[in-house]
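Just below is one structure, and these are the notes that go with it.
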Amino acid sequence: MLFIGLLIVCIKFPVETLHFFAGVAHTVYESVAFAVEELLTHVFGFSKFQAQMIVFYTSCAIGAGILYRMARHLPLWLKQAKRYCIQCCERLRQRWQAYWEMLPVLQKLQLLLVEFAFLAGSVGYMLV
């Protein structure tokens, strides 16, 4: 249930959700960086500047490694996403086709008439 709620919030408010998660990630990163800086300063005797440089360049190296691994796996992820989307579209098409086949002829005509009226009305509205 929590997952469904989170999914709805992500769909309804994507910018706010992204900003919230970015803020959480930044706070966690700063907390860990501060703890490592203090560890380097007090345990190993580095100056504040040296500890900050060590943490900064280590963070850059870790970030570059993560980006490199993501770039290597990106084609596989895109292929899997494409396969998943095609499967979803195929299932949806099959469901719609099965629904259409089970409808009586009168309802099919009503649906086609409503669709045609909507299309004609839309074209007429665009021309006015």
Legend entry - CD proxy at 222 nm, helix term only [per DSSP H run n ≥ 4: -39500 (n - 2.57); per residue of the chain; nearest 500]: -33000 deg cm²/dmol
Inset, instruction - Sort out for me the Cα centre separation of the stretch 54-128 from the stretch 1-52, rounded to whole Å. - result: 32 Å
Inset, instruction - Set the Förster radius R0 to 30 Å, insert the Cβ-Cβ distance between Cys88 and Gln50 as r into 1/(1 + (r/R0)^6), and round the FRET efficiency to 0.05. - result: 0.05
Legend entry - Candidate values (i) 56, 19, 15; (ii) 34, 20, 10; (iii) 20, 18, 14, label of the one derived for semi-axes √(5λ) of the Cα gyration tensor in Å: (i)
Legend entry - Max mean-square fluctuation residue, GNM over the chain, Cα-Cα springs under 10 Å, options Ala64, Ala81, Ala22: Ala22
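Return Met126, Met53 ranked ascending by Cβ neighbour count within 10 Å, so the fewest neighbours appear first. List each step's numbers first, then the result.
On the way: Met126 7, Met53 14.
Listed from fewest to most nearby Cβ atoms, that is Met126, Met53.
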Legend entry - At most 10 other Cβ within 10 Å, DSSP loop - chymotrypsin sites (Phe, Trp or Tyr not before Pro), the stretch 15-52: Phe44
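Laboratory data are not the source of any read-out in this text; all were calculated from the coordinates shown. All values derive from a computational prediction rather than experimental measurement. We place every Cβ from the backbone using ideal geometry, glycine too, and count neighbours over all the protein chains shown.
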